[in-house]
1. Being farther than 15 Å from Gln92 by Cβ, part of a helix (DSSP H, G or I) and either at pLDDT below 95 or among the β-branched types (Val, Ile, Thr) (or both) is the filter here, so list the residues in the range 35-61 that pass it.
2. Filter the range 1-17 down to the residues that are crowded, with 18+ Cβ neighbours inside 10 Å and assigned to a helix (DSSP H, G or I) and list them by number.
3. Please determine whether any residue of the range 22-31 is without any contact (Cβ under 8 Å) to a residue 60 or more places away in the chain, hydrophobic (A, V, I, L, M, F, W, C) and part of a helix (DSSP H, G or I).
4. I need the full set of residues from the range 51-69 which are more than 11 Å from the chain's Cα centre (by Cα), open to solvent by less than 80 Å² (accessible area, probe 1.4 Å) and free of Cβ contacts under 8 Å to residues at least 40 places away in the same chain, in order please.
5. Restricting attention to the range 100-117, does a residue exist that is more than 19 Å from Tyr54 (Cα to Cα), small (Gly, Ala, Ser) and open to solvent by less than 40 Å² (accessible area, probe 1.4 Å)?
6. What is the one condition in (1) in contact with a His (Cβ under 9 Å, 6 or more places away or on another chain); (2) of a type outside the set (Lys, Arg); (3) within 29 Å of Ser126 (Cβ to Cβ) that Gly89 does not satisfy?
7. Among the numbered criteria (1) free of Cβ contacts under 8 Å to residues at least 40 places away in the same chain; (2) closer than 26 Å to Lys124 by Cβ, which one does Ser37 miss?
8. Among the helices (runs of 4 or more DSSP H) contained in the range 73-131, which hold 3 or more residues that are aromatic (Phe, Trp, Tyr)?
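The values are calculated or read from the model by the stated rules, or taken from the named source; none is laboratory data. This one's a predicted model, so the numbers in the text were calculated from it and none came from an experiment. Here Cβ is always computed from backbone atoms with ideal geometry, including for glycine, and neighbour counts include all displayed protein chains. Surface areas here come from the heavy atoms of the whole protein model, side chains and all, with no ligands, DNA or RNA. Shrake-Rupley method; radii C 1.70, N 1.55, O 1.52, S 1.80 Å.
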Amino acid sequence: MAFIDWEPKYSVGHNEIDQQHRQLIDMINKLHTAMKSGQGAREAEAIVDEMVNYSKFHFETEENLMKVFGFIGLLTHKAEHAAFIKQAGDFQTQFSAGKVSLSIEILNFLKDWLTKHILGTDLKYSTMFKK
């Protein structure tokens with residue numbers, strides 16, 4: 001059973017963005033599997049690094065599309081992305097230094113942030129993308 005499943009309600013109506021959201025969900029699930037199976041910190045660290053880097057790529061893609069479509073909530077959206085990248089980067093640094101370990105609280109944070117961001121913030125631009 002996956003930690004988080006893709007559901008149609010997460011679709012923003014843009015194939016590229018939906019695929020990127022699915023990729024982020026897959027990474028959270030990989031991290032959960034690594035934690036559950038007791039895989040080494042090195043493997044979990046690689047997944048965290050991949051997720052932080054992919055998040056940056058995804059946010060850039062999303063923000064560029066918002067610019068193209070003239071989305072008026074772009075600055076607020078960018079601020080949410082920046083806050084997530086800072087928090088995830090802080091976790092990444094602490095994790096790499098061995099100061100924090102992977103926990104269900106961290107996984108819940110990632111899951112909750114992503115699903116709430118998609119459903120609460122990303123869906124605000126979805127009607128614009130669908131036009």
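1. Matches in the range 35-61: Met35, Lys36, Thr61.
2. Tyr10, Ile17
3. Scanning the range 22-31, I find at least one residue that is without any contact (Cβ under 8 Å) to a residue 60 or more places away in the chain, hydrophobic (A, V, I, L, M, F, W, C) and part of a helix (DSSP H, G or I), so the answer is yes.
4. Glu63, Asn64, listed by residue number.
5. Yes: one or more hits.
6. Every condition holds for Gly89 apart from (1).
7. (2)
8. Working: elements: 74-96, 104-117, 123-130.
Filter on the range 73-131 gives 74-96.
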